[in-house]
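K.L.:
Sharing a structure here in C-alpha cells format.
Every number here is computed from the coordinates shown, using simple stated rules; none is lab data. Computed from a prediction, not measured in an experiment: that's the story for all the values here. Cβ placement follows ideal geometry from the backbone for every residue including glycine, while neighbour counts extend to all protein chains displayed.
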Amino acid sequence: MKSLHINHPLCKATILEQGAQLIDFQPTGEAPLLWSAELSTYCEGKPFRGGIPICWPWFGKGQIPSHGFARIMPWELESRDECEDGVRLRWILRDSDATRAIWPHSFALTLDMHLSSKCTMTLQIDAPIETTGALHTYLFTDDVGIIQIEGLGDQYIDALDDGKIVKTDEKILIIKGNVDRIYTHSLGNNLLIGRDKILQVTHYNYSDIVVWNPWSEGVMRLSDMAENDYQKMICVETARILKPFGKRDTLGLVICKLK
C-alpha cells in the first residue's frame, strides 16, 4: 500500500494513499497524537484501523462496505506545499467505475491537511444527493481508563442499547467499559485530560460527535486489535449523521496538545 511520509521541523506524519488516511501524526518532541493498530493489515481494498479514516458516503454498518468506500479507495495527491509553518496537502477522490459499482452517483471529495504542531483537516463534499460521514479519529492514550472527556453535551444515542436516546447531566465522560455513543448536543470543542497531557479536538460544521471504545469484551471480536489495544485508544469522531451533508458541504477538525 502506497504511503507518504512527512518529516518536518514541526512534526512527523504518515498518510496512506488509500483513503488519504493520516495514520500517524507526532508533533516534534511529543508523543504521537493518533493511534494505529499494530495488527492492522496494509491491504488494498481493506480498511486500516487507526489514524483518521474518512467514512463516506454513509456512516455505520447498515450498508456494504461499512462506513462507506472513501476509506478503501485510492486518492490522488493533487498538491503539496512545505514551508516554515508546516506541510499542506490536498487529496482528491472522484467517482470511478469502482465507486459507481458500489454507489451509482458522480461526486468529488477534496481533503485539505495542514500538519504542523497541530493537525488540521477539512473535507469538502460535492455530491448530487445527501450523504452522511465522519472523520473517524483514533486518539492515542497511555491509559483510556483515566481519560476525562469534556464538552460532549447532555444527550446521546446509545448504540449499545438499541439506539436509546439518553439525557445526561454528566459534564465529564470517563470510560469504564464498552462505549459506542453518538452525542447530538456537543459543544464542538472537546478536551481529553490524561495523567500528564491535555488534548483538544475542535470540530467544524459537524452535527454529532461519536465516542467509541470496544473495551476488553469487544476487542476480542476484532481480528486487527490486540488484547490490550483498547487501553491505548479512544475514538472521538467528527460526524454528520443526524444532519446529512448537503450537495456541497464541508466537515473539519483540529487536534492539538495543550499541555
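K.L.:
Condition (residue is surrounded by fewer than 20 Cβ atoms within 10 Å (Cβ to Cβ) and without any contact (Cβ under 8 Å) to a residue 40 or more places away in the chain) applied to region 230-239: is it met by at least one residue?
P.N.:
no
K.L.:
While we're here: Can you find a residue in region 32-47 that is basic (Lys, Arg) and more than 18 Å from the chain's Cα centre (by Cα)?
P.N.:
no
K.L.:
Filter region 244-259 down to residues that are in a strand (DSSP E or B) and either within 30 Å of Ser106 (Cα to Cα) or in contact with a Leu (Cβ under 7 Å, 6 or more places away or on another chain) (or both), then give me how many there are.
P.N.:
11
K.L.:
To continue, here is another question. Which numbered condition trips up Cys83, out of (1) touching a residue at least 12 places away in the same chain (Cβ under 8 Å); (2) surrounded by fewer than 21 Cβ atoms within 10 Å (Cβ to Cβ)?
P.N.:
Failed condition: (1).
K.L.:
Only one of (1) assigned to a strand (DSSP E or B); (2) loosely packed, with under 15 Cβ neighbours inside 10 Å; (3) not hydrophobic (A, V, I, L, M, F, W, C) is not met by His185, so which one is it?
P.N.:
With (1) assigned to a strand (DSSP E or B); (2) loosely packed, with under 15 Cβ neighbours inside 10 Å; (3) not hydrophobic (A, V, I, L, M, F, W, C) applied to His185, the lone miss is (1).
K.L.:
Could you please tell me which pairs satisfy a Cβ distance under 6 Å, a separation of 6+ or placement on different chains, a first residue in region 217-228 that is within 15 Å of Trp35 (Cα to Cα), and a second residue that is in a loop (DSSP other than H, G, I, E, B) and charged (D, E, K, R)?
P.N.:
Asp224/Arg49
K.L.:
Here is a further query. From the list Arg80, Arg88, Arg71, exactly one residue is over 20 Å from the mean Cα position of the chain (by Cα) and not hydrophobic (A, V, I, L, M, F, W, C). Which is it?
P.N.:
Being over 20 Å from the mean Cα position of the chain (by Cα) and not hydrophobic (A, V, I, L, M, F, W, C) holds for just one of Arg80, Arg88, Arg71, which is Arg80.
K.L.:
What are the residue pairs meeting all of these: first residue in region 42-59, first residue closer than 24 Å to Phe107 by Cα, second residue among the charged types (D, E, K, R), Cβ atoms under 7 Å, and 6 or more apart or on different chains?
P.N.:
As it stands, the answer is Pro47/Arg71; Pro53/Arg71; Ile54/Arg71; Cys55/Arg71, since those pairs meet every condition given.
K.L.:
Answer yes or no: is there a residue in region 195-212 that is in contact with a helix residue (DSSP H, G or I) (Cβ under 7 Å, 6 or more places away or on another chain), among the basic types (Lys, Arg) and over 18 Å from Phe48 (Cα atoms).
P.N.:
yes
K.L.:
Consider Glu170 carefully, then state whether it is surrounded by fewer than 19 Cβ atoms within 10 Å (Cβ to Cβ), out of contact with any Phe, Trp or Tyr (no Cβ under 9 Å at 6 or more places or on another chain) and touching a residue at least 40 places away in the same chain (Cβ under 8 Å).
P.N.:
In short, no.
K.L.:
Where in region 81-151 are there strands (runs of 3 or more DSSP E), lying wholly inside it, with at least 2 residues that are farther than 28 Å from Asn228 by Cα?
P.N.:
86-94, 108-115, 119-126, 131-135
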